[in-house]
1. Name the residue that is farthest from the chain's Cα centre (by Cα), counting only residues in the range 175-210 that are within 13 Å of Gly160 (Cβ to Cβ) and either in a loop (DSSP other than H, G, I, E, B) or of a type in the set (D, E, K, R) (or both).
2. Since Ala101 meets every condition but one in (1) surrounded by 19 or more Cβ atoms within 10 Å (Cβ to Cβ); (2) out of contact with any Lys or Arg (no Cβ under 9 Å at 6 or more places or on another chain), which condition does it not meet?
3. Which one of Glu242, Glu266 is surrounded by fewer than 14 Cβ atoms within 10 Å (Cβ to Cβ) and either part of a strand (DSSP E or B) or over 20 Å from the mean Cα position of the chain (by Cα) (or both)?
4. Only one of (1) open to solvent by less than 10 Å² (accessible area, probe 1.4 Å); (2) at pLDDT below 95; (3) among the small types (Gly, Ala, Ser) fails for Ser49. Which number is that?
5. Pick from the range 286-309 the residues that are acidic (Asp, Glu) and open to solvent by 70 Å² or more (accessible area, probe 1.4 Å): which of them is farthest from Gly276 (Cα to Cα)?
6. Can you tell me which residue within the range 310-329, out of those that are at pLDDT 90 or above and either under 19 Å from Asp240 (Cα atoms) or of a type in the set (Lys, Arg) (or both), is most open to solvent (accessible area, probe 1.4 Å)?
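The values are calculated or read from the model by the stated rules, or taken from the named source; none is laboratory data. Treat the numbers as computed from the prediction; the structure is a model and nothing was measured. Please note: Cβ atoms are built from the backbone with ideal geometry, for glycine as well, and neighbour counts cover all protein chains shown. For accessibility, only protein heavy atoms count, side chains too; no ligands or nucleic acids. Shrake-Rupley method; radii C 1.70, N 1.55, O 1.52, S 1.80 Å.
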Amino acid sequence: MSEKILEVRNLTTSFRTERGVMKAVDGVSFHTNKGEILGIVGESGCGKSVTSQSIMRLYDEKYLARITGEVLVEGNDILKLSMKDMQGIRGNTISMVFQDALSSLNPVMKIGDQIIETLRIHTSLNKKQAKERALEMLRLVGIPGYEERIDQYPHELSGGMRQRVMIAIALSCNPKILIADEPTTALDVTIQAQIMDLIVELNQKIGMSVMLITHDLAVVAETCSRVIVMYLGQIVEEADVEDIFSNPLHPYTRGMMDSIPQLEGEKRERLHVIKGIVPLLSQIPTGCRFAPRCPYADESCRQNMPELRGEGTHKVRCFKAEGNLTEAG
């Protein structure tokens with residue numbers, strides 16, 4: 001059996017708002033094995049980013065957010081740590097690459113200084129050693145002319161280079177887990193491929209576990225070993241990547257698969273569209289949360305919440321799919 005390096009148990013994140021308490025993540029449980037790439041997919045508003053930022057404890061837990069459950073990193077629950085102790089975990093044991101590098105990087109600091117700052121906080125390197133390490137990281141992530149680029153500001157770099165700098169900062173302390181939250185957002189297709197190739201290469205080279213949050217099912221199929229599908233704050237399906245693409249059980253997963261354009265075979269006149277939109281957190285329906293958009297839903301689905309059940313590694317949250325679980329297993 002693979003060694004679990006990250007285990008999330010019944011993670012729930014609620015936010016205090018003017019309209020009351022909104023539950024963005026509701027009882028999410030999953031794990032990441034050492035050295036694997038785990039994909040998390042779903043539409044915007046399904047709780048993917050909130051899950052990752054709750055793991056990192058980036059929200060104001062005193063006034064804004066309430067995070068409950070367990071987040072075990074090598075067996076230790078980091079939700080029980082003080083914020084001061086969490087500073088030693090972030091960037092050191094777990095690192096994160098955010099969606100928008102331009103807004104994540106400090107615009108008034110040179111990129112080299114931002115990498116050096118991370119190294120000085122988390123390691124015992126002196127300033128000279130930290131700069132040598134920063135140069136090494138810029139070279140590792142494939143930035144051309146890195147010896148000159150180290151003294152440039154974020155606005156002087158292209159989108160792809162800024163994203164590489166974010167990866168360099170995240171990897172500078174050799175973390176055991178990398179959370180990549182849609183790391184190729186707003187980049188052109190060529191740069192997207194380069195960034196994903198870099199993440200996979202580093203995963204294989206240093207044995208780092210990766211939690212990849214993305215909308216792109218093609219990226220998931222090519223890079224991930226397991227997949228989690230989230231909808232409205234819950235996991236609705238979880239399986240090995242081969243199983244979920246060959247036999248998707250949840251109607252939401254099937255809808256996303258059918259929405260992918262076909263390059264071979266008979267072409268359809270129109271692309272498949274999942275009807276409706278993800279509801280607001282203040283309008284979460286009773287029963288199955290996907291029922292208002294599901295073509296198979298009946299009154300039982302609308303009144304009762306299905307549990308996440310499974311045979312082996314394939315799990316699904318759907319009354320209609322439960323009969324297919326044994327066959328899928």
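1. The extreme case among them is Asp188.
2. Answer for Ala101: the failing condition is (2).
3. Details: Glu242 fails: either part of a strand (DSSP E or B) or over 20 Å from the mean Cα position of the chain (by Cα) (or both).
The conditions single out Glu266.
4. All conditions pass for Ser49, except number (1).
5. Pass one, the range 286-309, residues acidic (Asp, Glu): 298-299, 307.
From what is left, the residues that are open to solvent by 70 Å² or more (accessible area, probe 1.4 Å) are 299, 307.
Working: Glu299: 18, Glu307: 23 Å.
Only one residue tops the list, namely Glu307.
6. Taking the range 310-329 first, the residues at pLDDT 90 or above are 314-319.
Okay, now just the ones that are also either under 19 Å from Asp240 (Cα atoms) or of a type in the set (Lys, Arg) (or both), so 314-318.
Values: His314: 7, Lys315: 77, Val316: 0, Arg317: 33, Cys318: 13 Å².
Ranking the qualifying residues of the range 310-329, first place goes to Lys315.
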